[in-house]
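The values are calculated or read from the model by the stated rules, or taken from the named source; none is laboratory data. None of the values given here were measured: they were computed from a predicted structure. Note that each Cβ is placed from the backbone with ideal geometry, even for glycine, and that neighbours are counted across all protein chains shown. Ligands, DNA and RNA are excluded from the accessible area calculation, which covers all protein heavy atoms including side chains. Shrake-Rupley method; radii C 1.70, N 1.55, O 1.52, S 1.80 Å.
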Amino acid sequence: MGRADPEEGHLPAPVKPPDGGWGWIVLFGCFVITGFSYAFPKAVSVYFKELMKDFHVGYSDTAWISSIMLAMLYGTGPVCSIMVNQFGCRPVMLIGGLLASSGMILASFTTNIIELYLTAGVLTGLGMALNFQPSLIMLGTYFDKRRPLANGLAAAGSPVFLSSLSPLGQVLLEKFGWRGGFLIMGGLLLNCCTCGAVMRPLDMGMKRKMEKAQDKYEAKEMLPIGGKSEEGISTADGTKKAKKAKKKPKKGKKLLDFSIFSNRGFIIYTISKFILVLGLFVPPILLVNYAKDTGVPDTEAAFLLSIIGFIDIFARPACGMVAGLKWVRPHVAYLFSFAMLFNGLTDICSARASNYTGLVIFCVFFGISYGMVGALQFEVLMAIVGSQKFSSAIGLVLLIEAFAVLIGPPSAGRLVDALKNYEVIFYLAGSEVVLSALFLAMATYCCLNRGKKKEPPPEKNLSAGGGSDTEEAESDVQEAEEHSSDNHQLAHSTDNTVVAASEEANHVSEEQSGEGGGCPEGDGEVLARDSCNADQMVERDSF
């Protein structure tokens, strides 16, 4: 798999996504990768108490393991984009799977907390980052019409794996201890390599079949010429060599395409996503402690997160199906804004929940809104920038989100310590999410839709979710077919010109021999020169 090649999962010439077939296998791989990437940092927290006893450290010290994993997942976005653009999706995912697995295996042999930071935190986090981003890129290349549904199904991997990895980690801890649990978890992460192996490039065999069919067609068209067949074939070979020579000087693909910052839709999305992340993760992080402070028993308080996860499993695919409807998809950006508004209002309205029933109702509505946001966030980004620039766009977006992740939850924790009041935190987090929703909706309407109406040439507004990579692919295929047909017509016209010239020369020579030979004088001098030149040209061609 060479650099900047179609075999890399990165399509220089867009190919029409199949919206099925092998794409369902790719979707399953993306489902598994998403589950590991988002659920694994949270599932590791099961081992924290044992780590605190063995290494004689506090809870905040062990919590840094999950924080480093998430920081690597978000902060290494541009590095992942550069590697995908350079080497392709499949090799990057295979390397990522090996790194993630080796990190947990090495962590089982560590002797202090710093070594855990470097192995389970940095190495495993980097490995999961190298799997997460390419899997989303491949999902976007295999699906277009069904892409909202595919994104929703893939995003459902996060709550499914969270609800399964946490109990599994508890069982492993009881039977094998934290070292044995880390070792087995490292073996489970090798499944990321399997998921990377199924990410087959979309146009690997398609391009070869088209080239073979074109070569056969050209050969069939040139054979009936007779004596000129060898000359026609050699001419075709020369034309192919000339095309290859022209293709060689082409510049390689950019490792990180910063031109997406000229896209107003991308700028609007990035700003709104930064504001969103500041408050989105705060309520689930503080929910258990908030419930305990209100007098809810520990087991029932922990069950609140299970409610959110269970609702989230069904909310993401359902939202993906709704976003894929014909009358909804052109306005998917507004649906994303509604999901964020729903989530923010849920936080604000539930800030004064003082009993367990109110907290359960909050978890139900929060699970629905949180699932909607998770299902739509990458679909909106794909619609804005397209599949060709998605690898660079997601890397830059994740990097910007990393700063918001490092600012939002820690700041909320400090406010809780200072104010001793969770109600203010829920109001603040909900207000941030509502602000991001209003900004995205208003900026999309004012800056993009109105600007589109003023422009004379009508173009589809990708930022509103109306863009389709299928139409781009179809236009490129149509251009390729027209280009090949033009080449065939040029070959036919060249052969016809040679044949017509030879017939005309023969006809002129017959007339001249009938009139006594030689070239006529006077008014026919120009005609004579042309006919003589034609005779000489035919003689040279025959020679």
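Miscellaneous remarks
- Shape box of the range 254-358 [Cα atoms, principal axes, largest first, Å]: 54, 30, 27
- Placing unit charges on the Cβ atoms of the charged side chains and taking the dipole of the range 260-450 about its Cα centre, the candidate lying farthest along the positive direction among Gly367, Ala302, Leu438 is Leu438.
- Accessible area expressed per residue, the range 260-450, with surrounding protein chains retained (probe 1.4 Å, Å²): 42
- Cβ-placed point charges (K, R +1; D, E -1), dipole of the range 303-422 about Cα centre in debye, nearest 20: 140
- If you model the range 18-203 as an ellipsoid using its alpha carbon gyration tensor, with each semi-axis the square root of five times an eigenvalue, the axes come out at 30, 16, 13 Å, biggest first.
- Taking θ as phi - 60° and the Karplus parameters 6.51, -1.76 and 1.60, the scalar couplings of the range 110-117 work out to 6, 10, 8, 6, 5, 4, 5, 4 Hz in sequence order, x denoting glycine and proline.
- Per-residue 3J(HN,Hα) values for the range 430-445, derived from phi via the Karplus relation 6.51 cos²θ - 1.76 cosθ + 1.60 with θ = phi - 60°, read x, 5, 5, 5, 5, 4, 5, 5, 5, 4, 5, 5, 5, 5, 5, 6 Hz in sequence order (x marks Gly and Pro).
- In this structure, the pairs whose alpha-carbon distance is over 32 Å, taken from Lys42/Lys326; Lys53/Lys292; Lys49/Lys389; Lys49/Lys273; Lys273/Lys420; Lys42/Lys175, are Lys42/Lys326; Lys49/Lys389; Lys49/Lys273.
- Three-way shape call for the range 273-331 based on the alpha-carbon gyration tensor, with the a/c threshold at 1.5: oblate
- Dimensionless Rg ratio for the range 260-450, taking C-alpha atoms and the 2.2 N^0.38 Å reference: 1.06
- The HN-Hα couplings worked out from phi for the range 127-144 by the Karplus form 6.51 cos²θ - 1.76 cosθ + 1.60 (θ = phi - 60°) are x, 5, 5, 6, 9, 5, 5, x, 5, 5, 5, 5, 4, x, 7, 8, 10, 10 Hz, whole numbers, x standing for Gly and Pro.
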